[in-house]
1. Trypsin sites (Lys or Arg not before Pro), restricted to segment 298-355: which are DSSP loop and have at most 15 other Cβ atoms within 10 Å?
2. Given the convex hull of the Cα atoms of the chain, what is a quarter of its surface area in nm²?
3. Enumerate the aspartates and glutamates that residue 237 could reach by cross-link, defined here as Cα to Cα under 12 Å, with residues fewer than 8 away along the same chain left out.
4. If you take the square roots of the eigenvalues of the alpha-carbon gyration tensor of segment 128-206 and sort them as a ≥ b ≥ c, do you get rounded (a/c under 1.5), prolate (a/b over b/c) or oblate?
5. Which far-off residues, 5 or more places away or on another chain, put their amide H under 5 Å from the one on residue 5, with H placed in the peptide plane?
6. May I ask you to compute the full-extension gain from residue 192 to residue 278, defined as 0.36 nm times their residue separation minus their alpha-carbon distance, rounded to one decimal in nm?
7. If I measure Cβ to Cβ between cysteines in the chain, which ones have no partner under 4.7 Å?
8. Going 7 Å from the Cα of residue 220 toward and past its Cβ, which residues in segment 175-210 have a backbone nitrogen under 20 Å from where you end up?
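Nothing in this text is a laboratory measurement; each read-out follows from the coordinates by a stated rule. Source: prediction; values computed, not measured. No Cβ is skipped: glycine too gets one built from the backbone with ideal geometry, and neighbour counts run over all protein chains shown.
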Amino acid sequence: MRVIGIIAEYNPFHGGHSCLIEEAKRLVGDPRSVVLTVMSGPFTQRGLPAISPKHVRAKEALVSGVDVAIELPFTLACAPSERFAYGAVELLYRTGVVTDIAFGVDCKEPELLYELAKLEPAADTLKNALSDGKSFPAARAEALIAAYKGNADRGLISDTLRQPNSILALDYIRACRDLNTGFKIHMIPRCEGYSATSIREELRKADTTSVASIANTLMDKMPDKALSVMLSALSNKEFTIPSMDNYMTDAFLEVRRTRDMSSTAYMTDGLDGFIRNHIDDDLQTKHFTMPRIYRALASLMVGQEASYIENEKHVQYIRILGFSTEGKYCLKIMGKCARLPIISNASDALELYSTNPRLKQQFELDLLSNDIYARYSSMEQSYEWKLPPVRVK
């Protein structure tokens, strides 16, 4: 049995995700293949709360072709590209069942990514670019170009590294190599016409207190089955679309209340002072990108310190979010092959606390991030303790 690993946020699930799943299955060529996805939890890689809870997004995926959904812990999900990619690939690897990995790319020559993944950024170029005020992603791209000695056109490389999906793809390839996963890699051209970012922007313009308004906004932007899952959860008052304005107001209040933010994750390099001094201004600069700022604020809200992300670079458990009938068999095999503890219900983690302090610390960050998310999505605090894995027939 081939098991295809896919890393995603499904924020929300859209047609591009369906295309990736279908094409991955076609390329693998095994009619019995299983799709196992690693998903972000309440906070996304960009650093903001997801538009719907993880159990709703997991169900959207499960009714749309995914067989097993597992969660990437907060500390790795709400993180820069390299940390996010390494954590997600490691999680797929530690399941012990994944044979293939598939991800989307939006560059003209995907094979070039294999060459770039072998390079270490030129140290001097990286340092100078950062000194010139460039963001780390921009400086890293410039340093990779400087390190490249092949025959490809430098303009093509630059165009490739400007694409966000390509940067993630590069880091997925590097992680597969560094972990020696043995995965068969499938790079799939991104399906045109789908953008989770544009969907979220449209949704934020809508009246999110009205299910009918949300339905009208998302119609034709999400597959019918996935949209039905979201609308059903909204109608049943399982959650409301989080208010980003309220979240940012509280995040800035936390900034004003905290005397010293220098020990908070991602607040290094003067970001703590910059946020405090420009809290009423436009925070976006060439050096401090908004995703970096959002991740720093999320870390402040959750209480994640810089020393933690420096010392903990590995996933400590496999958190099951949901599964289909086909996925149930995969989980049985995973139970025998997994190289990490498997947590189906939050209470399972408690049994591991006394013997595994690293798991405890990582899981407690997850619990805190879920409680914070609940505050802005009209969900019960500590809802994490009451939600079993989603099951879809």
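1. 313, 339
2. Details: hull surface 76.6 nm².
Result: a mean projected hull area of 19.2 nm².
3. Reachable aspartates and glutamates: 380.
4. Numbers: a/c = 1.91, a/b = 1.25, b/c = 1.53.
Judged from the Cα gyration tensor, segment 128-206 comes out oblate (a/c at least 1.5, b/c at or above a/b).
5. For residue 5, whose amide H was placed from the backbone, the distant partners under 5 Å are 36, 99, 100, 101, 102.
6. 27.2 nm
7. When partners are defined as cysteine Cβ atoms under 4.7 Å apart, the chain leaves 78, 107, 176, 330, 337 without one.
8. 191-207
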